[in-house]
1. At 0.36 nm per residue, minus the direct Cα-Cα distance, what do Asp99 and Tyr275 gain on full extension? Give it in nm, one decimal, please.
2. Grab the DSSP H runs of the chain that are 4 residues or longer, score each as -39,500 (n - 2.57), total them, divide by all residues and round the 222 nm result to the nearest 500 deg cm²/dmol.
3. How many percent of DSSP beta bridges within the stretch 221-392 run antiparallel, rounded to 5?
4. Using the Kirkwood radius over Cα pairs, work out the Stokes-Einstein diffusion coefficient for the stretch 134-224 at 10 °C and 1.306 mPa s, in µm²/s as a whole number.
5. I'd like the Kirkwood hydrodynamic radius of the stretch 1-114, using the inverse of the mean 1/r over distinct C-alpha pairs, in Å.
6. Rounded to the nearest 5, what % of DSSP beta bridges with both residues in the chain are antiparallel?
7. Using the beta-carbon distance between Tyr335 and Glu393 and R0 = 45 Å, what value does 1/(1 + (r/R0)^6) give for FRET efficiency, to the nearest 0.05?
8. Can you list the equivalent-ellipsoid semi-axes of the stretch 1-62, largest first and in whole Å, using the square root of 5 times each Cα gyration tensor eigenvalue?
Amino acid sequence: MIKRKVLENGMTVVFKERKNGVVAVAFAVRFGGLNEKIEHKGIAHFIEHMLYKGTTKRSSRDISMEIERNGGELNGFTSEQATAFWCKMPARHIDVALDVLSDMVKNPLFDSSEVEKERQVIFEEMKMYRDNPRMHVFDKIKALLYKGDFSLSIIGTEESMKSNSRDRLKEFFERVYVPENMILCVSGEADFDKICEFAEKNFEKKGDKIYYPEVVESNGEEIEKRKGIDQANLVLAHHVPLGKEYESIILNALLAGGMSSRLFSEIREKRNLAYAVKGFSDNEGKFAYNGVYVGTTSENVEIVKKLILEEFEKVSEELEEVELESVKEQVLGNYFISQEDSFSVLYELLRAEIKGDVKDIEKFIDKIRAVKVEDVKTLAKLKDWSFFALVPEDNR
């Protein structure tokens, strides 16, 4: 059973008990790429990096040592609607997890020299994303799916990262990292009341809720040529209406969720046009889209694109109850397997809370079961889509 409480200081505490001797703990703020304007794009991700660089009580090494020497694993992430700092460790050391993570989100140093060093690290991260064709096409498809500030990558641009000064980082941190915007999420063997007591005692009430700008949808098609690559990487993606998450999960699994999926069978097994055929969904509550990624040869890009669109059309016209029920079992089986991992449970708790209702997790099985054939067929009838391909440039 999931427990949730909004404390007097404004912080939200979410907890799911698991009797497995392990605990996963995260502090998250409701601030990510979606909240950023072009002039400071990437600042949420930059702040995430800096919070590992030391506090008024701990050095960067102290932070990692206290977690890892107690058998733990430490990490973090920035998404479109949240930035999170988490660790997973033996349940008997939950006090260490709470103490270290809370110190990170309360007392970062933002040392000037470390800010400049980390800026260079992020510039290298940008190069890594661009140089990796698969990462690059995922960034570019988002730029086609949306207009304005939200269309840009979470990591930011070279211009915005140069302008994100130490003073700006501190100003955003002080405004954003307040209990009113924070979630303390715990999954594992722990005491909910003691977790709430810790959060109430260690965080003072202050701050205002984060503002979310409007998300403006778009569509487009683009092919980019690049020297030095041998494979064409492509993505075809489409918007999903808000409130249709469970239908989109089913459609994604049906079309490109594994080796038994329609597109894997059609593109790889039947026609040998690709090695990788994978589906994906991105849904954080204020936006949602599904897509299909394929790695193929340049001469087959248009063929693969045509096959993807044809398969959407076939689903919209031919899907039957037997196939739908089979895919439901696949989705539910994958869900049960994911529950073995404490971080997976923690991540889904955070994701559901950020979307608006953490208790939705408890309804997942029933909501998947409730999806009807006509629901999926309607979603598969694409009116608009976006398409991006990165292809090798002819060097002759």
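No value in this document is a laboratory result; all are computed from the given coordinates. Here the structure is a predicted model, which is why all the values come from computation and not from measurement. When we count neighbours, we look across all protein chains shown, and the Cβ atoms used for this are built from the backbone with ideal geometry, even at glycine.
1. 58.8 nm
2. -13000 deg cm²/dmol
3. Antiparallel bridges: around 75 percent, rounded to the nearest 5.
4. Answer from the Stokes-Einstein relation: 93 µm²/s.
5. One over the average 1/r among Cα pairs gives 15.2 Å for the stretch 1-114.
6. 80 percent
7. After rounding, the FRET efficiency stands at 0.60.
8. Semi-axes from the Cα gyration tensor: 27, 20, 12 Å.
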